[in-house]
Amino acid sequence: MSSALLFLGCQEQQLKKQSPQSNIVNSDVLNFWDAYDLIHTTEDTALQYKYLDSFYLSKASPGLEALRQVRNYTREEYLKVITTLPKFWTSIRGNTMRSGRLGTKLQAGIDRLREIYPELKPATIYFAIGAFRTGGTTLDDMVLIGAEMAMGSENVVTSEFPEDVRSFRREFYDTNPIADLVLLNVHEFVHTQQNPPINNLLSQVVSEGVAEFVSVTAMGVPSFTPAINYGKGNDEVRKTFEKEMYNIHNQSDWLYSNAPNDFNVRDLGYYIGYSICELYYNGQEDKKAAIKKMIELNYEDEEEIGAFVDGTKFFSKPLDELYEDFESRRPQCVQIEPPINDAKKVSTSTKKITATFSEAMDTRHRNFDFGPSGEDALLRIEKILGWSEDGRSISFEVQDLEPNKLYELTLSVGFRNLDGVPLKPKLIRFQT
């Protein structure tokens, strides 16, 4: 064994002897490295899976089980990243082993959070190794830290990464995330106190903004999220968000993704949410009450969220007006040929249907769905015939129609125009 590995082995043995604080668990990190070392003693894939299962996955803490659940990590993914990125793992191993010695700092961060939010409920922090889909997330009362990301630094080696994820180098590891670890934990701890956001972009960016603003307020440090400083210096970010916040296709442009966007900066939704929270907090005399209000927002109450956001005047118009603006930009289906829609005696010989839209559509996308009567009334498509040259019409053939039957088919929001704005759903409904 090399001196470096001997040193790491001694570190790990010392960590195993430590008594971790009850609300901070790092056993999964230790188990991962046990499995990792054994996996690299053989090229037998069956044996590698056995070591992975026996020494890591089967020993999973509730935190690792939750991490795998929320990020859908599979054993196949784990084995792939373990066996194909040896330089990366060697470079980050020492960092991850520090998880057992960070208890005091993490607890101090939680104590500072409690000072500004005395109602703080307990939660457990779990350090585990994932497969590069989160540095930190939550489930119920668990903070889940993906140590392979959260404990990275500018010194980790990413040369083995596929080209499509090389942005980790610039957007993540080069920001030295391990220096931000305590703040990350406080951010995720805030999430365990919040009501869950509903599945729309505005709720999600407000939820993330609350967690980031409250955590930096508690810690008395600036945010380390690059998107926040970028957004503060570029008002086009706000203007673009105003146009896109109601577009269900654009969430990945703003949160949780390396998907390309107009600004080439990921997670700009954090800036939107953070700025809303900052304006709200600065406008309140009772700062503790402001923190409590933000943490306890009910995202299922659209009126409450709307009043909270509109009250900050962050956007150029009230949300209702921005929604109306968005609706006015949505394409529509303006014609169905033959003219069968809402007809009562459609011939069962009808085979080809053409839908025409108000403008050119993105022909890469389409989306058909049930009507209100459900599957029993579904007008089933047999064959897509294709789009017109101008992209304004799509034709398709349907399966043979039965007599005296109600048929329904919805042209849904997967259809979108060339700017990515989704179609206003169109119901095709007729009786044979």
Just one listed residue, out of Ser54, Ser19, is more than 30 Å from Lys292 (Cα to Cα) and modelled with pLDDT under 95, and it is Ser19
| task | Output yes when any residue across region 275-283 is surrounded by 19 or more Cβ atoms within 10 Å (Cβ to Cβ) and without any contact (Cβ under 8 Å) to a residue 60 or more places away in the chain, and no when none is. | result | yes
Given the conditions (1) modelled with pLDDT of 95 or more; (2) surrounded by fewer than 17 Cβ atoms within 10 Å (Cβ to Cβ), every one holds for Asn229 apart from (1)
- Restrict the check to region 413-427 and report whether at least one residue is outside the structural domain of His249 (by TED's automatic domain parsing) and farther than 28 Å from Asp253 by Cα. yes
Expected output for region 179-191 (first residue small (Gly, Ala, Ser), partner not in a helix (DSSP H, G or I), Cβ below 9 Å, 6+ apart or cross-chain) is Ala179/Ser153; Ala179/Phe224
- Answer with yes or no whether Glu242 is touching a Leu at 6+ places or on another chain (Cβ under 9 Å), modelled with pLDDT of 95 or more and over 30 Å from Leu120 (Cα atoms). yes
Answer yes or no as to whether Glu321 is surrounded by fewer than 16 Cβ atoms within 10 Å (Cβ to Cβ) and acidic (Asp, Glu). yes
Filtering region 134-149 down to residues that are closer than 16 Å to Val190 by Cβ and aliphatic (A, V, I, L, M) yields Leu139, Met142, Val143, Leu144, Ile145
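The rows are residues; the columns are (1) within 21 Å of Phe415 (Cα to Cα); (2) in contact with a strand residue (DSSP E or B) (Cβ under 9 Å, 6 or more places away or on another chain).
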position	(1), (2)
Pro338	yes, yes
Asn341	yes, yes
Ser347	no, no
Thr350	no, yes
Thr354	yes, yes
Met361	yes, yes
Arg380	yes, yes
Inside region 132-152, the number of residues satisfying the requirement of being more than 15 Å from the chain's Cα centre (by Cα) and closer than 14 Å to Trp89 by Cβ is 5
For region 284-296 the number of residues that are under 16 Å from Gly209 (Cα atoms) and in a loop (DSSP other than H, G, I, E, B) is 1
All-but-one check, Met97 against (1) part of a helix (DSSP H, G or I); (2) buried (at least 18 other Cβ atoms within 10 Å of the Cβ); (3) out of contact with any Leu (no Cβ under 8 Å at 6 or more places or on another chain); (4) not basic (Lys, Arg), failing number (3)
Check your understanding: Would you call Asp111 outside the structural domain of Val265 (by TED's automatic domain parsing), of a type outside the set (Phe, Trp, Tyr), in a helix (DSSP H, G or I) and surrounded by fewer than 16 Cβ atoms within 10 Å (Cβ to Cβ)?
Key -> yes
Residue match in region 267-282 (condition: at pLDDT below 95 and either part of a helix (DSSP H, G or I) or assigned by TED's automatic domain parsing to the domain that holds Thr134 (or both)) = no
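Got a sec? Which of Glu321, Glu302 is modelled with pLDDT under 95, not assigned by TED's automatic domain parsing to the domain that holds Val421 and not polar (S, T, N, Q)?
Glu302
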Within region 368-389, residues being closer than 16 Å to Leu418 by Cβ and among the polar types (S, T, N, Q) number 1
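The values are calculated or read from the model by the stated rules, or taken from the named source; none is laboratory data. Note that the coordinates shown come from a computational prediction; the quantities given were computed from them, not determined experimentally. Every residue, glycine as well, gets a Cβ built from its backbone with ideal geometry; the counts of neighbours run over all protein chains shown.
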